[in-house]
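In what follows, a structure is listed as structure tokens, so that the remarks can point back to it.
The values are calculated or read from the model by the stated rules, or taken from the named source; none is laboratory data. Bear in mind that the values here come from a model prediction, so they are computed numbers and not experimental data. Don't worry about glycine lacking a Cβ; one is built from the backbone with ideal geometry, like all the others, and counts go over all protein chains shown. Surface accessibility is based on the protein's heavy atoms, side chains included, excluding ligands, DNA and RNA. Shrake-Rupley method; radii C 1.70, N 1.55, O 1.52, S 1.80 Å.
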Amino acid sequence: MTLDQLLTPEINKPARYLGNELGAVHKPWEKATVRWVLTYPEVYEVGASNLGHIILYNILNAQPAQLCDRAYLPAPDLAAKLRTTQTPLFALEARRPVTDFDVLGFSLSYELGMTNILEMLDLAQIPLTAAERLERPDLPLIFAGGQTATSNPEPFAEFFDFFALGDGEELLPEIGLVIAEGKAAGLSKRALLLDLAQVPGVYVPLFYDMAPDGSVHPNHPDVPPRILRRVANPMPEYSIGLVPYVETVHDRLTVEIRRGCTRGCRFCQPGMLTRPARDVEPEQVINAIEAGMRATGHNEFSLLSLSCSDYLALPAVGMEIKNRLKDENVSLALPSQRVDRFDENIANILGGTRQMSLTFAPEAGTQRLRDVINKGLTNEELLRGVKTAVEQGWDKVKLYFMIGLPGETDVDVLGIAETMRWLRQECVVQGRKRLDFNVTISNFTPKPHTPFQWHSVSTAEFTRKKELLWGEFKQMRGIKANFTDVRISAMEDFVGRGDRRLAPVIRKAWELGAGMDAWWDNLDRAFGAWGEAIAASDLTWKYRQIEEGEWNVMAVENEAIGNVENLRAASPQWKNRFSWDERLNAALPWDHINTGIDKEWLKADLQRALAETVVPDCAFEGCSQCGICGDDFGHNIVQDVPPIPAFAGQFEANQTRAQRWRLRFGKLGELRFLGHLDLVRLFDRLTRRASLPIAFTGGFHPGPRIAIANALSLGMTSSGEIVDFELTEPLEFEDFKGRLLRTLPPDLPLYDLELVDVQAPSANKLLEAAEYTLTLTTESPDPQWERWVSAVWATPEIWFEKKTKSGKLKSVNLRDRLLALTLIETEGATAKIHYRGQCRNDGTVLQPEHCVYLLSQVSEETIQLAHGHRERLILA
């Protein structure tokens, strides 16, 4: 089926599937030797705003002989239509089935995300397992990358031909070269996979077997026993790319400023899997943001890192960017902050004309427990950071805590509530609203490659602690609490620390409807699907261990044997140093993944947790000897801190109305699938890209003076749209027109441009009528189009019940709103008509659907609107 046939009116947000956004790359198919599809197994709004997805898409398309396309998880409405029509999942730009490509890559960044990947493979009509595809040269290679894939690929190994471990910026182009050589040599899929297995960072499960204890070992002499995680430095210039038409979850330009974190939080898998820490040179960040904002037209940007505050150049970089873009009305957003580094300098760069939310993650409620998890945060630092936020104007702060951490007692759990009580009391400012908190309480989930990877807590204990804490919260004011469901956490743990035996469980859960969206739509149903899948397997005992708490490492007798102080983690003396080392030394399903972190160091750090010992951040203090630094993974890169520029002042909305231009434009082709609010956002970004001196409204949230007259129904085309632009300074006709034409998409053609007095009424206020050409169809065996049109025109009253905004029904005579009606042509059951109807700003409107209703009433037949085209809007 064609895209037009798929994107019928019942498909929600059809602009998701067009592949023609600003920044989309359309390379010639025949000139590429290797053709990729990178997919993000979530709906478009999530996937298209993922920075890693954007960077890899841009890098692969920068390779001379490689082509990269995109695909996302279709929403349920389109997924159902693909199945009903037997249409395979397609890539957005080429609009070809994903099976036409050489490589199909998935981002696997969450343990429960595999069910979405199975859904996409099924929609693509691709067999789910690597074994089924091995002798099928007509199918693409299927691989996964991302944090979960790098951490422990074993539960998912049955489904993928290979995994790309670690950073992909250099690894994926290398994979492309190997595939190109393999294609040229006519290699079989097995031989090509063996070649790929020689590439550092590529794990091919076909050449590895699982032992009875869950560990994984090579079954072929030419593959390495351990697979290296790849490391690459950030490349901010590749962050500039896609500008989606529809609003995405991160609807902004995002640029990475620092990759990796060496804080050493003992629960944090990303911090362990992304070492060493690598700062981006400040001027490189500034240039990327400035160029990106002008190229994309975004009004917001974000600086991304696992710990932005540890990028010590942050205040200087943020201030320089704000100064350079001072007149653009842009805002800076940052992810969760290190509260101990939050100060006035960081507060000054946040936001713009509107205050951005502020998030801190103390993680634990007492100083003792923060030391156990190596958070590196004292009560004094916590209070100082929150006080700074209050003094800088915030009256609400988001906080993240965890329960179920190793060594946690009820005192620590209640300490979360006590900490917030204390902070509210200490941060009172006379004459100001008292500080409120939005707090999220997550359940600690042990992750591979962390010092706490051996720990477990029963679900019953999580539930008890949640009820204990909730009892305290109910007695407090100014607290809005959100608890993560323990069932989700248990399932994350079950999958995340599993081995290859989990593949049938994951497949069965998907078959029973446990997609990621199901967790949010109906958690009971999703959990029930997973429970049924586990019950159908022979792994019920394994899940029971999760439910009952497999091993609380902090509650086990572990007598020290000998003197182990001041010994390096990798030294032989560490072996058998505690009476519980037999469990610590047991093989793990992910031991064959070489992340660079020495497993002996993880054991040693677990012992330091027992002793409540804090390990300093090795990016700024002495080496912690974790095993990362060296030739394979590099070293920490910390940039010098530049001076903070003087603040040039906040954006001041220029309300000067020096000139008004009225554009008449069309909305044609695929942009008919663009909703009205998306069109408003498009024009807002267009003015920035065109460097138009746009005037702004006043108030706390000034907006650009761009007014589109009368929203066009989704899916309709038009050659009669009107939009007004008001400028702060006059522009010559050719100058203004030239700037617009450079930035307008081809499917928004400019027809007319006129200068209008700024004091004249707006186009919306002048609206009188609209003219449409409609294509109609009927199932009537003997359509009498001419008679029906005449009957409508001859009937003085045709009533219609309209629902008001308050929900009440109001009867209106639609015939009064019809000003002209003409039959243009007929062909059997199809007719084309032209009508003019009232179209006023007070809601007196004759929509195309109303015209269809008029004809249906007089004909007593079912008539459908096949297509509508607005010819023009008529102003008074």
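Observations on the structure shown:
- Other residues lying with their Cβ under 14 Å from the Cβ of Thr778 contribute a combined charge of -4, Lys and Arg counting +1, Asp and Glu -1.
- Computed over the chain, the alpha-carbon pair-distance distribution with 10 angstrom bins reads 2, 11, 18, 22, 20, 14, 8, 3, 1, 0, 0, each value a whole percent.
- Candidate cross-link partners of Lys802 among the lysines, defined by an alpha-carbon separation under 20 Å and a same-chain spacing of 8 or more, comprise Lys810.
- Gain on full stretching of the segment that runs from Glu380 to Arg432 - 0.36 nm per residue minus C-alpha separation: 16.5 nm
- Over all pairs of different C-alpha atoms, the stretch 695-744 has a mean inverse distance whose reciprocal, the Kirkwood radius, equals 13.3 Å.
- Positive-end ranking of Val231, Ile257, Ala291 along the dipole of the stretch 226-293, with charges on Cβ about the Cα centre, is headed by Val231.
- Cleavage-rule hits, trypsin sites (Lys or Arg not before Pro), the stretch 410-448, DSSP coil, Cβ neighbours within 10 Å at most 12: Arg432, Lys433
- Helix 676-689 axis, angle to the chain major axis (alpha carbon atoms, nearest 10°): 80
- Computed extension gain for Glu768 through Cys623, at 0.36 nm per residue and net of the alpha carbon distance, reaches 44.8 nm.
- Average projection area in nm² (convex hull over Cα atoms of the stretch 779-876, one quarter of hull surface): 7.0
- Against the empirical curve 2.2 N^0.38 Å, the C-alpha radius of gyration of the stretch 667-721 lands at a ratio of 1.27.
- Euclidean distance of C-alpha centroids, the stretch 396-414 and the stretch 294-357, integer Å: 29
- Members of Lys387/Lys433; Lys667/Lys765; Lys398/Lys447 lying beyond 18 Å, as alpha-carbon distances in this model show: Lys667/Lys765; Lys398/Lys447
- Label-point separation in nm, Glu132 to Glu247, each point 7 Å along Cα→Cβ: 4.0
- Order of exposure, largest accessible area first, which applies to Tyr245, Tyr311 with probe 1.4 Å: Tyr245, Tyr311
- Here the stretch 312-347 is scanned for amide nitrogen atoms under 15 Å from the site 7 Å beyond the Cα of Phe647 along Cα-to-Cβ, giving 315-324, 326, 332, 343-347.
- For the chain, the longest principal axis of the C-alpha atoms and the axis of helix 733-743 are separated by about 50°.
- Calculated FRET efficiency, Ser790 to Asn12, Cβ-Cβ distance, R0 = 45 Å: about 0.75 to the nearest 0.05.
- Calculated FRET value between Thr440 and Leu677, using beta carbons and R₀ = 30 Å, to 0.05: 0.55
- Length released on extending from Ser357 to Arg544, taking residue separation times 0.36 nm less the Cα-Cα span: 63.3 nm
- Whole-Å distance, taken between Cα centres, linking the stretch 693-748 and the stretch 1-75: 28
- Accessible area per residue, Å², the chain with all protein chains present, probe 1.4 Å: 41
- Heavy-atom accessible surface of the chain: percent carbon and sulfur, 1.4 Å: 49
- Applying the criteria of a DSSP loop state and at most 16 other Cβ atoms within 10 Å to the chymotrypsin sites (Phe, Trp or Tyr not before Pro) of the stretch 609-709 yields Phe620, Phe647, Phe700.
- Other residues within the sphere of radius under 12 Å centred on the Cβ of Met716, judged by their own Cβ, net out at 0 (K and R +1, D and E -1).
- GluC sites (Glu not before Pro) restricted to the stretch 240-345 and DSSP loop, no more than 14 other C-beta within 10 Å: Glu247
- Distance (nanometres) between label positions extended 7 Å along Cα→Cβ at Leu668 and His217: 6.8
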